[in-house]
Each structure stands twice: as C-alpha cells, then as structure tokens.
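What follows is calculated from the coordinates using simple rules that are stated; it is not laboratory data. Source: prediction; values computed, not measured. Cβ placement follows ideal geometry from the backbone for every residue including glycine, while neighbour counts extend to all protein chains displayed.
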Amino acid sequence: MTTTKKTSSKYSVSMDSTAWLITVLMLCISAYFIYGQIKEYLFSGETNSVIIVAVLTGVFLISLAMRPISYILTDEELIIKRLAGNIRIAKNEIHSVESLDNGRSGTLIRTFGIGGYFGYFGKYYSSSLGSLTLYATRKDKRILVTTKSGKKIVLTPDDSALAADLKK
C-alpha cells in the first residue's frame, strides 16, 4: 500500500503603506470618537453615545475579521485564511492564474468592500475585468485567479511564487 504525502505551503500577506496609513488613521479617529462618546455618556447618560461606540467598534471588528491573514495552498485547494472563516477554492475549479499589473486591472470601484482599513477586500468592479472579489492587503503583487464558473478573485501574497504554484 502506498501513501501519498499531502503537502501545503503557507503564503504570508502584509499591508502596504497606504493600508497601514488608513488603518492607523481610522483607529486614531475611532479611538478619539469612542473616548468622547464614552465621556459624553458618563456625563449626560445620552444613549446615542452608546450607539456610536457600538457602530465604530463593530466596523473595527468586522474589518479585522474579514481581512486575509494568509493563503495556504494544499494539493487539493487554495485556502484564504481569515478570522471570519476561511475561503476555500478547489484547485480543480481554478481555470486560470495570472499576474495582474496596474494597467490590466483598469479602474477599481468598490461596490461592497473595504478599501484600506486592514487591507482591500470584498466586492469590487474593474473597468477592464468586470466584477472581482478582493482578498488583498496591498495594491501591488496582485494575482488574478479565475475559476471555471467565471468568478474572479484577486490575491496579494508577499511571495509571488503563489501564482506559479497555483498553476502546477
């Protein structure tokens, strides 16, 4: 009886300077407003303050949970690791993989996603590619994965070898 050894490779992701700047600014602004609203609530008992704190905290937690943490490539699938649950794409469902340079992606319009707060993820529309789903933390090193069903997914691993490894 022969057994095949299953392999997996982990690809790290890191935020670009724009995502870091947006994240730090948003955290500072949110902390300032949360502090002010808590102070207001303690002073006057105004319940609107609690709602504002809850919304700002919710945006922070949802953004943090949805950001990609890493990509894992196994013999059978690509796994996009997130706190909010992993995204799994079977390798046999991948139609094509290509590097996505700046000119190829066209203008991106965020339709239901996050643009810089812990990264760039969610639903976007590209003027040249149509609808896309981003699981990205930077604006460079982009890889376009197209599934057999036509779904287009953009990833941004620190190591661009993921593109070649996905083609194997």
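Principal semi-axes of the equivalent ellipsoid, √(5λ) from the alpha carbon gyration tensor of segment 9-168, are 35, 16, 14 Å from largest down. Sorting the segments 146-155, 43-52 by their mean number of nearby beta carbons within 10 angstrom, highest to lowest, gives 146-155, 43-52. Per residue, the chain reaches -11500 deg cm²/dmol at 222 nm when only DSSP H runs of four or more residues are counted, each adding -39500 (n - 2.57). Against the chain, whose longest principal axis comes from its Cα atoms, helix 47-66 is set at around 20 degrees.
Residue pairs exceeding 22 angstrom between C-alpha atoms, taken from K6/K139; K141/K168; K91/K152; K123/K148; K6/K91: K6/K139. Angle of helix 17-44 to the longest C-alpha principal axis of the chain, folded into 0 to 90 degrees and rounded to 10: 30°. For a modelled paramagnetic label at K168, 7 Å from Cα along Cα-to-Cβ, the residues of segment 76-93 in reach, with backbone nitrogen under 18 Å, are 76-80, 89-93. Highest mean packing first, where packing is the average number of other Cβ atoms within 10 Å per residue, the peptides 60-68, 24-32, 130-138 line up as 130-138, 60-68, 24-32.
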